[in-house]
Structure formats: C-alpha cells, structure tokens
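The structure under discussion appears below in the form of structure tokens.
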Amino acid sequence: MSILFTPINLGNIQIKNRFIQSATYEVMAAETGEVSDKLIKRYQRLAKGEVGLIIPGYMYVHPLGRSYKHQTGIHNDAMIPGLRRLVETVHKEGAKIVFQLAHAGRQTTKSMIGETPLGPSSSGRNPITFIKPKEMRADQIEEVIQAFAIATNRAVEAGVDGIQLHAAHGYLINQFISPFFNHRKDDWGGSDANRFRFLKEVLSEVKKVLPQGMPVFVKLNTHDYTPREGITPSLAVTYARWLAELGIDGLEISCGSPVYSFMNMCRGDVPVKELVNSLPFWKRPLGKHMLRSMVGKYNFEGGYNIEAAKMIKPVLGKTPLFLVGGLRQVAEMEDVLEKKYADCISMSRPFIREPFIVKKIKEGNAKAVACVSCNRCLAAVTHNIPVQCYNKGLPES
Ligand SMILES: Cc1cc2nc3c(=O)[nH]c(=O)nc-3n(C[C@H](O)[C@H](O)[C@H](O)COP(=O)(O)O)c2cc1C
Ligand code: SF4
C-alpha cells in the first residue's frame, strides 16, 4: 500500500491517511458569518472523497479581524450551532476536521469592519487599499489574544478535532512575527523573541482552553516575499524550533500573502483579466499594468515549498510537518513522505477541482491531480464568487 494511505497520529487524533485539505476560503458563509448549507455540502463532498483531515477556510475570531463578507465567523456564540453541524457532517463521513483561526489585522478594509484596520505598527500603507493601519494598544493586543482563546472554546463546543492558528499569508499573527510589519519598540517588538511573543501568548492561552491532547497546529510562512525583509527561511527555522519547543502538534509551511505576493502563495498563471475586473474602475489601468508585468514570473513549479521543508524538518524533532504548495504528482507526494521531507500532503486548489481525488488515487485511478494552477478560483474570491474550479472562465467574464 502507498505510504500516502498510512494513518498518522496528530495529538490525540488519528488521521486515516496523509491527505489534508489546506484551509481554503470558500466565499460561502452568510453575511452574519454563519455556516451555510452550501459550505456544509462542500465539506461533506470532500469527506466522502476520503480526505483524511479537512481544514475549512480561515475563520475570524473577532469582528475587527474579518477580511471578507462571506468569511466564516467564530467571533460569537451564535456561530456555534452552524459550526457544530459542519463538524457533525464531516465526522459522519469518517474524516477529521480542524478549524483555522485568524485575525486579519491590517489586511482588511474600513468598509468591512467599520473602522481603520489594526496592526502591530502604523507604518506603511497597504499598496492595494492604500490604508494606513492603526497601531494596536497593549489592551487591544490582550483583547485579541483572548479572542483567539474564546474562539477556541467555541470550536471545542462545536465538537472540532483541533485548531490551527493562521500565522501565515500576511494576517495579524504573521504581521506581529514579521520585521517588515512590526516596528514596535515595546515588549511586542524590537527583537525576534519580542515579535514572536504575540504568537507565543496566543498559543499559551489557546492551550489553556483546549482539552488535554486535542491538537493545535500552526500555519507559518517560510518566506513573506515582502518588499523589505520580513520572514525569511532562516527566521522561519528559528520560529519553527520555538513552536516545536512550545509543544504544537503539527506545523504547516507556506509563503507569500494576498497583498504583497499572492503569486508566491499560489504559484501558476496570473489570471490578469479576472483580477483586473475585480478592481474599481479607477484602479484598473494601473492594476492591469502591474498584473501583466507579473506574467511568466511565477510559473508553476511542482512542490514549490519542498526546499523550505528540507530546512524546517530537522529542527522540528517529532513535531509533524505538513507541506502545502504545488503538490500535484502522486509519485512526488510519495517521495516527499518517503524521504521524510514532510509527514502530510496538504493541498488546496486540487481539492477545488477534484473533491474525490484522494479516493481516485487510493483506487489507483489517478497519477496526478487535474488542477492546472490557472488561479481563476483565486480570482473568483476577489469577486465574492463562491469557490469552485473556474478553469474555463468566471461566470460573468
Ligand atoms: C481560493 C483560495 C482560498 C484560500 N484560502 C486560504 C485560507 O483561508 N487560509 C489559508 O491558510 N490559506 C488559504 N489559501 C492558500 C492555500 O491553503 C494553499 O496554501 C495554497 O493554495 C497553495 O497550495 P496549493 O498549491 O495546493 O493550492 C487559499 C487558496 C486559494 C486558492
Ligand atoms: S480554477 Fe480550477 S484548474 Fe484553475 S487553479 Fe483553480 S482549481 Fe485549479
């Protein structure tokens, strides 16, 4: 039997195979943040398709940490019944489910949250929205740390199998741990240890409310690809070591961010037309010019985070590593596990196109996934269109 179908223990849960659906924003929640039937169906299908562990799209833990209108919320107790229905549906099909908890920090808009977005520091405008964030006060930092813990409690009440802290892709935790975003001179900045403190405190508070043995994972950037130095592979190695020492149950590694380097995050084609059309009219000429200049610079590469995995794995000790980014060939996935570059195969876009791909691989009917990394599903999100494979074009284009 292929190594891909050997079970793995993560904390006190066992995953039946090595496949993880990496968190994928669905654009399917109600405007209140509540789980919808459409969202539940999406995960029922994936669970039927035998994905071992499902991580739904990032969930906002605080109203000010919301990024999108149709993002799932875990910011108040009214969300719990819907989240419970989601968990029960996935469990019924034999898969495990972990919630990814997030706060957008500066990576959102005033129109979304009703006030100027918060960040560790106020310096630097968002190059897309031109927003200059407000520097968080100490009491606001504490409030957000507690929001992660309270949201964890809600996840536990919903019956989830574990949680993942979203410390990647330029969201608030990433902002605190990155020297590009964090210019604070107090206890929350100024050194790697101080910048890491926010993640450390969130982890510590979250662990206090998690039942004994229930796993906590972290998704971390190994490279921010920001215009000036943010997280680099060597800093990511340090953070990975610290996270393993703090007793996390699994580390997923990624890179890039929607604002500064979405093409590093999702290597492949630049869907110029679809992305330009999502911009307001007055931003389109400049947007078109910028997007066109990116064409050909981020061509798809198989397993584009493997080199980072090779650096991170040795410092993790027994902590499992989940690799995401461009894993498309079954032989390559097996190689990653056999050579112990990583312990689990995490994918996003392939599951959008083929929810049943794991079953197909298991039955010997697929040597590769069908996703061609055209990134139109990613463009769909910017139009508030529910995620699915739009390889042949977006509905209105
Ligand atoms: C439509 C879409 C939505 C995404 N939403 C999230 C998300 O909610 N949280 C997250 O950590 N990553 C998110 N990602 C990034 C993926 O989890 C993954 O890291 C990236 O797509 C690379 O993996 P892949 O090559 O298997 O697609 C998203 C990607 C896509 C295409
Ligand atoms: S639109 Fe379809 S083929 Fe294109 S990246 Fe998304 S899932 Fe893959």
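The values are calculated or read from the model by the stated rules, or taken from the named source; none is laboratory data. In this text the structure is predicted, and so the values were computed from the model without any measurement. Here the Cβ is made from the backbone with ideal geometry for all residues, glycine too, and neighbour counts use every protein chain on show. Side chains included, ligands, DNA and RNA excluded: accessible areas come from the protein's heavy atoms. Shrake-Rupley method; radii C 1.70, N 1.55, O 1.52, S 1.80 Å.
Looking at (1) in contact with a helix residue (DSSP H, G or I) (Cβ under 7 Å, 6 or more places away or on another chain); (2) free of Cβ contacts under 8 Å to residues at least 24 places away in the same chain, which one does VAL160 not meet, given that it meets all the others?
Answer for VAL160: the failing condition is (2).
Residues to consider are GLY364, GLY326, GLY317; find the one that is more than 8 Å from ligand 2 (Cβ to nearest atom) and under 30 Å from THR109 (Cα atoms).
GLY326
Please give the number of the condition SER257 fails out of (1) within 18 Å of GLY325 (Cβ to Cβ); (2) among the hydroxyl-bearing types (Ser, Thr, Tyr); (3) open to solvent by 30 Å² or more (accessible area, probe 1.4 Å).
Looking at each condition in turn, SER257 falls short on (3).
Every residue, every condition in (1) under 19 Å from the mean Cα position of the chain (by Cα); (2) within 24 Å of GLY250 (Cα to Cα); (3) within 16 Å of ligand 2 (Cβ to nearest atom), yes or no:
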| site | (1), (2), (3) |
| --- | --- |
| ILE8 | no, yes, no |
| ASN12 | no, yes, no |
| TYR25 | yes, yes, yes |
| MET28 | yes, no, yes |
| THR32 | no, no, no |
| LYS38 | no, no, no |
| TYR43 | yes, yes, no |
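May I ask you to list the residues in the range 331-358 that are away from ligand 1 (no atom under 16 Å from the Cβ) and free of Cβ contacts under 8 Å to residues at least 24 places away in the same chain?
Hits for the range 331-358 are ASP335, LYS339.
For ARG184, are the conditions met, namely being farther than 18 Å from TYR260 by Cα, in a helix (DSSP H, G or I) and at pLDDT 95 or above?
So ARG184 fails the test.
Of a type in the set (S, T, N, Q) and surrounded by fewer than 19 Cβ atoms within 10 Å (Cβ to Cβ): does that describe GLN140?
Taking the combined requirement at face value, the residue satisfies it.
A quick yes/no check of all residues on (1) aliphatic (A, V, I, L, M); (2) in a loop (DSSP other than H, G, I, E, B); (3) more than 18 Å from the chain's Cα centre (by Cα):
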residue	(1), (2), (3)
GLU229	no, yes, yes
SER234	no, no, yes
ILE248	yes, yes, no
ARG267	no, yes, no
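Within the range 273-290, is even one residue touching a Ser or Thr at 6+ places or on another chain (Cβ under 6 Å), surrounded by 17 or more Cβ atoms within 10 Å (Cβ to Cβ), among the aliphatic types (A, V, I, L, M) and within 25 Å of TYR68 (Cα to Cα)?
Checked against the condition, which is being touching a Ser or Thr at 6+ places or on another chain (Cβ under 6 Å), surrounded by 17 or more Cβ atoms within 10 Å (Cβ to Cβ), among the aliphatic types (A, V, I, L, M) and within 25 Å of TYR68 (Cα to Cα), the range 273-290 yields no hits at all.
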